[in-house]
1. Suppose the filter is surrounded by fewer than 18 Cβ atoms within 10 Å (Cβ to Cβ), over 19 Å from MET181 (Cα atoms) and of a type in the set (A, V, I, L, M, F, W, C); does LEU52 pass it?
2. Which condition number in (1) touching a residue at least 40 places away in the same chain (Cβ under 8 Å); (2) within 21 Å of GLN44 (Cα to Cα); (3) assigned to a helix (DSSP H, G or I) is the one that ALA169 fails?
3. Scan the stretch 190-202 and tell me whether some residue there is crowded, with 16+ Cβ neighbours inside 10 Å and closer than 30 Å to ALA89 by Cβ.
4. Return the residues of the stretch 40-92 that are in contact (Cβ under 8 Å) with a residue 60 or more places away in the chain and outside any helix (DSSP H, G or I); say none if nothing qualifies.
5. In this structure, is GLU73 modelled with pLDDT of 95 or more and surrounded by fewer than 21 Cβ atoms within 10 Å (Cβ to Cβ)?
6. Name the single residue, out of those in the stretch 85-102 being of a type outside the set (A, V, I, L, M) and under 13 Å from LEU36 (Cα atoms), that is surrounded by the most Cβ atoms within 10 Å (Cβ to Cβ).
7. Filter the stretch 123-158 down to the residues that are of a type outside the set (D, E, K, R), open to solvent by 60 Å² or more (accessible area, probe 1.4 Å) and assigned to a helix (DSSP H, G or I) and list them by number.
8. (1) in contact with a helix residue (DSSP H, G or I) (Cβ under 6 Å, 6 or more places away or on another chain); (2) of a type outside the set (Gly, Ala, Ser); (3) free of Cβ contacts under 8 Å to residues at least 60 places away in the same chain: which one isn't true of ILE107, the others all being true?
Amino acid sequence: MKKATKKEIQEIHKLFVERYSEAVTELNYKNEYQLLVSIILSAQCTDKRVNLITPPVFEKYPSTKELAKADIEEVKELLKSCSFFNNKAKNIILMAQKVESEFNGKIPHDHKKLMSLAGVGNKTANVFLIEQDNENRMAVDTHVFRTSHRLGLSDAKNVEGTEKDLIEAFRDNLHILHQAMVLFGRYICTAKNPKCNKCFVKEFCITKESFKAK
């Protein structure tokens, strides 16, 4: 696989930051509790679907205090149109219970502490800190993985390796670049029928020959 050169990486970095400097998550939330729950629910589920599910959840459980005492069957019912709703219902309740018992009802803003919560892995913790605190972190979802490989930014076979490659390649503005690549992959560099005619970095695409006819 052809890897992007240092000069190409710098240009890709510049173009993404210029275009997406004001970009934020498409998840709807009003506070950090709602943000964390929404991110947990968004795993293998679209943001659009999560935004339909969460209003009644947050109405019934407005904070970790109420969610920590929730009946799991009632939570499952509210989440039933979400992928893996059984596990997610269990996880958000356990998350809320730990936030209440160990963090005085406040969502921690520390990567290690976040990962100690049920349903929160490395990517979820990174996304939370990127969105809430603008931390210089990279989170790799399916869109970031796809676009980074098409642009020759990584040839890693897994998410962990891709995250490492992107951090080493870009170094700064990672919080902007994460959201930029998510939106770019969601609306332009799509998995099927990518919108190559709308692509502003197509000169760097190492798979452009595959999409030439589109």
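1. Values: surrounded by fewer than 18 Cβ atoms within 10 Å (Cβ to Cβ): yes; over 19 Å from MET181 (Cα atoms): yes; of a type in the set (A, V, I, L, M, F, W, C): yes.
Here the answer is yes, as LEU52 does meet what is asked.
2. (2)
3. Within the stretch 190-202, the first condition is being crowded, with 16+ Cβ neighbours inside 10 Å, and the residues that meet it are 194, 196, 199, 201-202.
The next check asks that each one be closer than 30 Å to ALA89 by Cβ; those that pass are none.
No; the residues of the stretch 190-202 include none that is crowded, with 16+ Cβ neighbours inside 10 Å and closer than 30 Å to ALA89 by Cβ.
4. Of the stretch 40-92, the ones in contact (Cβ under 8 Å) with a residue 60 or more places away in the chain are 40, 43.
Scanning the stretch 40-92 gives a single hit, ALA43.
5. Details: modelled with pLDDT of 95 or more: yes; surrounded by fewer than 21 Cβ atoms within 10 Å (Cβ to Cβ): yes.
So GLU73 fits the description; yes.
6. First, pick out the residues of the stretch 85-102 that are of a type outside the set (A, V, I, L, M): 85-88, 90-91, 97-98, 100-102.
Next, from what is left, pick out any that are under 13 Å from LEU36 (Cα atoms): 88, 91.
Working: LYS88: 24, ASN91: 19.
Only one residue tops the list, namely LYS88.
7. Once the filter is applied, which keeps residues that are of a type outside the set (D, E, K, R), open to solvent by 60 Å² or more (accessible area, probe 1.4 Å) and assigned to a helix (DSSP H, G or I), the stretch 123-158 yields GLN132, THR142, PHE145.
8. (3)
The values are calculated or read from the model by the stated rules, or taken from the named source; none is laboratory data. Just so you know, these numbers come straight off a predicted model, no measurement behind them. We place every Cβ from the backbone using ideal geometry, glycine too, and count neighbours over all the protein chains shown. With ligands, DNA and RNA removed, areas are computed over all heavy atoms of the protein, side chains included. Shrake-Rupley method; radii C 1.70, N 1.55, O 1.52, S 1.80 Å.
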